[in-house]
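Each remark here refers to the structure printed beneath this line.
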Amino acid sequence: MRHVIVGVMFIITVLSGCAGQLPKNGDGSEPLVQCDDVANRERLNVLTVNLLFSEIQTRDQRLDAVAKFAAMVPVDIILLQEVVGGVLVETANSALDLQGKLRARGGTYDLHTAFEVGVPGLLAVANAVLSRCEIDVKMVKRLPRASELEFQGRDIKLPRNVMMTRVFIPEFGTLNVYNTHLCANCPADELDAQLDILLRFVEETEEFFPQDNPVILGGDFNIDRFRVTPFEQQPFYDRIIDADFVDAYAENRTLEDLCEDADVADAHCTVGVSSLDVGDPARRIDYIFVKEADDVRESRVAFHTLVDPSQPTVSDHAGVFVSIELP
């Protein structure tokens, strides 16, 4: 029954036309996206970053900075949250804008975008995945609405989603990547409900596409494992770990090296470390989790401008970069 549900979900996703492009050669027969070098170097480079939908004036420069970083590494998979589109923000799709900037630097990326909240054409916010490897399958699962805004004494419940992007790596095979953005400032039971649907979606999808290759789950989880107000958040983090995922950034690091002290903005925090959120408590809420990976070759926080002024500001979040060894 689960396989039937996931299969129907896939068909609906394809028919719904989630905004994503697969670049083709001139005759339309061969995808331009190629990542032959991934199998040769035996590791996959992944970056996740929340782009801050509301900052319009500096968006072009901020996307330039992300594109420059991705070209230098190079980054194979980019997970984006708070992608934006609409006349109020002067772009159809900021992930599409980033795709163009990457192309200008010699990088060809496939794109999968899934809008989750807003008014189409006016202002909408999305998650997106950019991949140097050809995207083979795209799926999206809606998460339960959560109370994140209040207007005239009323709770406004906003929708969220989790995306699955199945990429093909030449001489290696396929690999499933999940990207999400969980609710912020919502009650514990609503965060728990979103996490429940997310983990169930991952489990059912992996059953539908059985494989021994690594599975990647990244994004802005709005979970700080050291935070105890307004509720203790460690149990939500533990639920992901208990689902056989490993926190890639936390591998080989002690708790003291993981942004434990909210009063100190250190190199391991992902919010409270940018010039766009000066004064906010330093926390680590952006993650890349992996399962079935042999090793994490490298991990770092990127774009934490208050900690390292030589780094560019790209958002009110820093990004998380990991390099995952392929089996």
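Taken together, the values in this text are just the output of simple stated rules run on the coordinates, not laboratory data. Quantities reported herein were computed from a predicted structural model and do not represent experimental measurements. Reconstructed Cβ throughout: ideal geometry from the backbone, glycine too, with neighbour counts over all protein chains shown.
Overview of values
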item: Computed lengthening from residue 298 to residue 280, 0.36 nm per intervening residue step minus Cα-Cα distance; result: 3.7 nm
item: Potential lengthening between residue 228 and residue 155 on full extension [0.36 nm per residue; Cα-Cα distance subtracted]; result: 24.0 nm
item: Mean Cα-pair separation over length for segment 110-259, i.e. relative contact order, pairs under 8 Å, 6 or more apart, %; result: 17
item: Euclidean distance of C-alpha centroids, segment 245-299 and segment 182-208, integer Å; result: 21
item: Computed [θ] at 222 nm, deg cm²/dmol, the chain (DSSP H ≥ 4; -39,500 (n - 2.57); rounded to nearest 500); result: -7500 deg cm²/dmol
item: Convex hull volume per residue for segment 2-325, taking Cα atoms only, in Å³; result: 142
item: Tensor-based shape of segment 197-319 (alpha-carbon gyration tensor, a/c under 1.5 rounded, otherwise prolate or oblate); result: prolate
item: Simple label model, 7 Å out from Cα along Cβ direction - residue 203 to residue 37, nm; result: 4.0
item: Residue 119-residue 254 pseudo-label distance in nm [points 7 Å out on the Cα-to-Cβ vector]; result: 5.4
item: Candidates per GluC sites (Glu not before Pro) in segment 200-248, loop by DSSP, up to 16 other Cβ within 10 Å; result: 232
item: Potential extension, residue 88-residue 142 segment - 0.36 nm per residue separation minus Cα distance; result: 17.0 nm
item: Order by protection proxy (mean Cβ within 10 Å, highest first), peptides 209-215, 132-138, 190-196, 79-85; result: 79-85, 132-138, 190-196, 209-215
item: For the chain: relative contact order, % (alpha-carbon pairs under 8 angstrom, 6 or more apart); result: 18
item: Cα-centre dipole for segment 2-325 with unit charges at Cβ (Lys and Arg positive, Asp and Glu negative), debye to 20; result: 1040
item: Label-point separation in nm, residue 57 to residue 242, each point 7 Å along Cα→Cβ; result: 4.7
